[in-house]
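Input: a single structure, listed below in structure tokens.
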Amino acid sequence: MKRLGCMVAILSMVFFTMSCGDSKSGEAKAPETGAAGGTTSSPCDAFMTEYEQFADSYVALLQEAKSNPTDMSVLTKSADMLKQAADMANRAKDCEGDASMLPRLQKVQEKLQNAVL
């Protein structure tokens, strides 16, 4: 069970990290600004919010697996989360090169790493 948890965490981080680089231009995208000059919510912001929620759910699943390693429902939930991670990796490609995502991404990855260890 511990190996499965580690694999899911590693795969989700790898998928998301692979999609963060912009292989076409190598330039970071500037955040969108509204008419008043303030930063507006972008699709990448919405994606990162969803990714943070996914990470929170995953951490909860890891804690559940640690507290009751014989619970077979954790295995089913892990498979569902793996599908979500693959879907998110595909959607993350739309945010390639958005430098504003990096601080949030680092926090999420730290949270996942701490949960696995």
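Each reported figure results from applying straightforward, stated rules to the coordinates on display, with no laboratory input. This structure is a prediction, so every number in the text was calculated from the model and none was measured. Cβ: placed from backbone, ideal geometry, glycine included. Neighbour counts: every protein chain shown.
Here is how the numbers come out for the structure above:
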{"read-out": "Cβ-based exposure ranking for GLU64, GLU110, GLU96, in which fewest neighbours within 10 Å come first", "value": "GLU110, GLU64, GLU96"}
{"read-out": "Chain lengthening between LEU75 and SER57 when straightened (0.36 nm per residue, less Cα-Cα)", "value": "5.1 nm"}
{"read-out": "Around GLN109: net Lys/Arg minus Asp/Glu count, Cβ-Cβ under 15 Å", "value": "0"}
{"read-out": "For the range 63-117: rounded, prolate or oblate by the Cα gyration tensor [a/c cutoff 1.5]", "value": "oblate"}
{"read-out": "Proxy reagent accessibility, fewest Cβ within 10 Å first, across SER78, SER67", "value": "SER67, SER78"}
